[in-house]
1. Answer with yes or no whether Ala12 is more than 18 Å from Asp121 (Cβ to Cβ), aliphatic (A, V, I, L, M) and either within 32 Å of the chain's Cα centre (by Cα) or modelled with pLDDT of 90 or more (or both).
2. Give me the pairs, please: first residue somewhere in the stretch 143-160 and modelled with pLDDT of 95 or more, second residue anywhere and buried (at least 19 other Cβ atoms within 10 Å of the Cβ) and part of a loop (DSSP other than H, G, I, E, B), beta-carbon distance under 6 Å, and either six or more positions apart or on two chains.
3. Of everything in the stretch 25-59, what is at pLDDT 85 or above and within 17 Å of Glu117 (Cα to Cα)? Give them in sequence order.
4. Which of the numbered conditions does Ala136 fail, given that it passes all the others? Conditions: (1) among the aliphatic types (A, V, I, L, M); (2) open to solvent by 20 Å² or more (accessible area, probe 1.4 Å); (3) within 30 Å of Tyr244 (Cα to Cα).
5. I'd like to know if the stretch 243-254 contains one or more residues that are surrounded by fewer than 15 Cβ atoms within 10 Å (Cβ to Cβ) and of a type outside the set (Asp, Glu).
6. Might you check whether a residue that is in contact (Cβ under 8 Å) with a residue 60 or more places away in the chain and surrounded by fewer than 24 Cβ atoms within 10 Å (Cβ to Cβ) occurs anywhere in the stretch 220-233?
Amino acid sequence: MTSSATIYEVAAAANVSVRTVSRYLNDPTCVSTKTSALIVGAMQALKYRPSIAARSLKGVKTNLIGVVSDRITTSPDSFELIKGLQLSAKQQGKRLLIAESGGSEEDIPSLIDELIEHRVDALIFATHFHRPVDIALLERADDLRVVLLNCYAQRGEYAAVVPDDEQGARDGLSHLYELNHRRVVVFELFADMRATQLRHRGYLKAAADRKLPEPVFVQGSGGGNADDEFANIDALVGEVLQAYKPTAIVAGNDKMAARIIQCLHKRQIAVPQDISVLGFDDHPMLVHATDPPLTSVRLPYLQMGMQAARLACDPSSKGKLKEPCDVQTRASVAAAPAGRGRR
């Protein structure tokens, strides 16, 4: 009969990681004599007896994929990442075990330990925003196949699936250029965000490719409050209209685009007859809620989730996979008003 003590209590008492205890239980020769003595002492003190059923699983695949995320399960912006993971995992005969850190990085190692204890065959680490990750957080998973989703390791240590933000921004601005817009203002998100940096590069590339005027860049995020991140957007829109007289505005995300459309309506400015508005995300709960429906560059979360689950089952795949971001055309973008397209 097993005791009520857990492997976590054994690891804490022995001052080693849960992974080390798990490795010892699978093969006592794989740890040092000193570490082995610490673990045995802790097990004896706690009267811990490992489950015979669990030990019999050594080397047997569980068909489980572990997912650790910062907050994708609690963010409505990211639900398609999970949907993609679930669809692809099911197609491959796998199931998901999802653990959420709530944005607390200090909880990530223990969450990984718990998934290892459940003997997952692979681990996917997913983030809410496109960003680099500290690979030290993942060192406990060294014995597993690890795939990064919506994030990446700086030196490419792990396979990763990310959106091609640069390409999406380039294609979005190119779409406006094709409609004869030359007075374009881009309302950017925070400058330290990786997505902002890549999109900025994409907008400049679109202008350079066509030898057309670069857009004007303004900081669209910041200055708000806990209840309303875009509390200052109305004043900023007023300043932009007066200073640059744009025929098109590109927003950092769809929430910002929706607020900008409200600000334009308030000033009796018609969208898209007077000013076109382009969003970024293609958020399903927003693009059809604006008046008119919002043209937006789609973040391919569904496809990214599906690719990540596929890569988790393919140890031969390496490097960073960029999923294209396509422009979804709707009624908020039209040709530049006659006589106002050029500077």
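1. Numbers: more than 18 Å from Asp121 (Cβ to Cβ): yes; aliphatic (A, V, I, L, M): yes; either within 32 Å of the chain's Cα centre (by Cα) or modelled with pLDDT of 90 or more (or both): yes.
Judged against the criteria, Ala12 is a match.
2. As it stands, the answer is Val146/Tyr158; Leu148/Tyr158, since those pairs meet every condition given.
3. Narrowing the stretch 25-59 to residues at pLDDT 85 or above: 31-46.
Of everything in the stretch 25-59, those that are at pLDDT 85 or above and within 17 Å of Glu117 (Cα to Cα) turn out to be Ile39, Met43.
4. Checking Ala136 against (1) among the aliphatic types (A, V, I, L, M); (2) open to solvent by 20 Å² or more (accessible area, probe 1.4 Å); (3) within 30 Å of Tyr244 (Cα to Cα), the one that fails is (3).
5. First, pick out the residues of the stretch 243-254 that are surrounded by fewer than 15 Cβ atoms within 10 Å (Cβ to Cβ): 243, 245.
Then keep just the ones that are of a type outside the set (Asp, Glu); that gives 243, 245.
Scanning the stretch 243-254 turns up at least one residue that is surrounded by fewer than 15 Cβ atoms within 10 Å (Cβ to Cβ) and of a type outside the set (Asp, Glu).
6. Checked the stretch 220-233: no residue is in contact (Cβ under 8 Å) with a residue 60 or more places away in the chain and surrounded by fewer than 24 Cβ atoms within 10 Å (Cβ to Cβ).
For every residue, the table says whether it meets (1) under 14 Å from the mean Cα position of the chain (by Cα); (2) of a type in the set (Gly, Ala, Ser).
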{"residue": "Asp107", "(1), (2)": "no, no"}
{"residue": "Ser110", "(1), (2)": "no, yes"}
{"residue": "Asp113", "(1), (2)": "no, no"}
{"residue": "Ile124", "(1), (2)": "yes, no"}
{"residue": "Arg131", "(1), (2)": "yes, no"}
{"residue": "Ala141", "(1), (2)": "no, yes"}
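The rows are residues; the columns are (1) in contact with a helix residue (DSSP H, G or I) (Cβ under 8 Å, 6 or more places away or on another chain); (2) charged (D, E, K, R).
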{"site": "Pro246", "(1), (2)": "yes, no"}
{"site": "Ile260", "(1), (2)": "yes, no"}
{"site": "Gln273", "(1), (2)": "no, no"}
{"site": "Leu294", "(1), (2)": "yes, no"}
{"site": "Met304", "(1), (2)": "yes, no"}
{"site": "Arg310", "(1), (2)": "yes, yes"}
{"site": "Arg330", "(1), (2)": "no, yes"}
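The values are calculated or read from the model by the stated rules, or taken from the named source; none is laboratory data. This is a predicted model, so every value here is computed, not measured. Virtual Cβ from ideal backbone geometry, glycine too; neighbours counted across all protein chains shown. All accessible areas refer to the heavy atoms of the entire protein, side chains included, with ligands and DNA or RNA removed. Shrake-Rupley method; radii C 1.70, N 1.55, O 1.52, S 1.80 Å.
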